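Chemist: Mind having a look at this structure? Questions to follow.
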Amino acid sequence: MFITILGAAAGGGLPQWNCRCPNCLSARAGSPDVPPMTQSSVAVSSDGANWFLLNVSPDVRQQILDCPELAPPDANGRGTGIAGCVLTDAELDHTAGLLLLREGSVFSVYSTPVVHRWLNAQFPIEPVLSAFSPHPWHVLEDNTRVNLCSGTGEPSTLWVTPIELDAHPPLFVGDVDDAAGSVIGLRIEDEATGGVLVFAPGVETINDALTCAVEGADALFFDGTCWTDDELIRLGFSRRSSKQMGHLPVSGADGSLRWLESLPVKHKVLFHINNTNPMLNRTSAEYKMVEQAGVRIGADGDRFEL
Ligand code: MLT
Ligand code: MN
Ligand code: ZN
């Protein structure tokens, strides 16, 4: 399985258009210590020709232009290397990019039933997109392994199993009674190589489902949104803590770094990193702590092969 990080930043990217936090200022000034990052998305492929996007960010157009493997394949006319897209939730930073892929190429989409519903009602991406061309939508049911296939139904050797995580409906959905399936992780297995990727960009608590899914994984891409729980509150950017937004902080006794450090997984990568996170500055103590724990801070253009 080939994996390319298209964008490692959380919503807003780095620098964020309206932000003057220390990292955004440094990135905007071109500091080599804080390289810019686009918003959260990964591409995976078993053959290097047909790719599946894990979440589709509002930066997808630039991400495709920056990634030669996603260029239109050698053939006359139009085409794409994107066979399908898999969504972990309905958040704008993970779905809005679908609207930018409207120009007639057929690809499949995978999500949970509740995300499918919200992307038809509150944020009607599916009806809008299907006005341009068909996009077969496959539903991911709890504990069911599904083959990733292209928009015209060609199977791949990649299989995905959803990992049920704490529910967190997007702000634009508001409070709802049944939000089960609003946030999932993905366990992606390549039956050709046996390689396993676990992809979880939004994790509030490390539950049993996630712990099980990580067993035997070769790579784990994990929520790296905030360093501390009160990061956005202290900066005056939000009234909600990191956990209240559905993101376990990296640092601290109960943070993700301790857990990640203990795992026997070859590639442990922090991903979906908010621009306020101090570990993004390569000269920071936080950056060094992550490195010393044997964990990688994801960056745009990082490539892995499992
Ligand atoms: C999140 O990761 O919590 C969401 O993307 C936040 C948002 O963009 O509203
Ligand atoms: Mn996000
Ligand atoms: Zn910022």
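Chemist: For the range 1-16, how many residues meet the condition of being within 16 Å of ligand 3 (Cβ to nearest atom), open to solvent by 10 Å² or more (accessible area, probe 1.4 Å) and under 17 Å from L98 (Cβ atoms)?
Modeler: Count: 1.
Chemist: If you don't mind, another one. Which of the residues that make up the range 1-16 are in a loop (DSSP other than H, G, I, E, B) and either of a type in the set (A, V, I, L, M, F, W, C) or free of Cβ contacts under 8 Å to residues at least 60 places away in the same chain (or both)?
Modeler: Result: M1, A8, A10.
Matching residues to (1) of a type in the set (A, V, I, L, M); (2) under 17 Å from the mean Cα position of the chain (by Cα):
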| position | (1), (2) |
| --- | --- |
| L140 | yes, yes |
| E164 | no, yes |
| L197 | yes, yes |
| V203 | yes, yes |
| Q244 | no, no |
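Chemist: Check A9 against each of (1) in contact with a strand residue (DSSP E or B) (Cβ under 6 Å, 6 or more places away or on another chain); (2) farther than 19 Å from F221 by Cβ and name the one condition it does not meet.
Modeler: For A9, the failing item is (2).
Chemist: Using the structure shown, decide if P113 is more than 15 Å from ligand 1 (Cβ to nearest atom) and touching a Lys or Arg at 6+ places or on another chain (Cβ under 8 Å).
Modeler: It is false that P113 is more than 15 Å from ligand 1 (Cβ to nearest atom) and touching a Lys or Arg at 6+ places or on another chain (Cβ under 8 Å).
Chemist: Still on this model: May I ask you to list the residues in the range 147-198 that are open to solvent by 60 Å² or more (accessible area, probe 1.4 Å), within 16 Å of ligand 1 (Cβ to nearest atom) and touching a residue at least 60 places away in the same chain (Cβ under 8 Å)?
Modeler: F172
Chemist: Which of the residues belonging to the range 104-119 are closer than 16 Å to F132 by Cα and either assigned to a helix (DSSP H, G or I) or of a type in the set (G, A, S) (or both)?
Modeler: G104, S105, S108, listed by residue number.
Chemist: For the range 95-113, indicate whether the set of residues that are open to solvent by 20 Å² or more (accessible area, probe 1.4 Å), at pLDDT 95 or above, closer than 21 Å to S182 by Cβ and of a type outside the set (A, V, I, L, M) is non-empty.
Modeler: Looking through the range 95-113, at least one residue is open to solvent by 20 Å² or more (accessible area, probe 1.4 Å), at pLDDT 95 or above, closer than 21 Å to S182 by Cβ and of a type outside the set (A, V, I, L, M).
Chemist: On to the next question. Select from the range 182-208 the residues that are within 16 Å of ligand 2 (Cβ to nearest atom) and not hydroxyl-bearing (S, T, Y) and list them in ascending order.
Modeler: Of everything in the range 182-208, those that are within 16 Å of ligand 2 (Cβ to nearest atom) and not hydroxyl-bearing (S, T, Y) turn out to be V183, I184, G185, L186, F199, A200, P201, G202, V203, E204.
Chemist: Given T161, T157, which one is part of a strand (DSSP E or B) and within 19 Å of W51 (Cβ to Cβ)?
Modeler: T157
Chemist: Oh, and also: With (1) closer than 19 Å to A167 by Cα; (2) open to solvent by less than 50 Å² (accessible area, probe 1.4 Å) as the list, and D208 as the residue in question, which single condition is left unmet?
Modeler: Result: D208 fails condition (2) only.
Chemist: Then there is this: Look at the range 17-54 and say how many of its residues are within 11 Å of ligand 3 (Cβ to nearest atom), in contact with a Ser or Thr (Cβ under 9 Å, 6 or more places away or on another chain) and either in a loop (DSSP other than H, G, I, E, B) or modelled with pLDDT under 95 (or both).
Modeler: 3
The values are calculated or read from the model by the stated rules, or taken from the named source; none is laboratory data. Computed from a predicted structure; not experimentally measured. Every residue, glycine among them, receives a Cβ derived from its backbone with ideal geometry; neighbour counts consider all protein chains shown. The accessibility values were calculated without ligands, DNA or RNA, using every heavy atom of the protein model including side chains. Shrake-Rupley method; radii C 1.70, N 1.55, O 1.52, S 1.80 Å.
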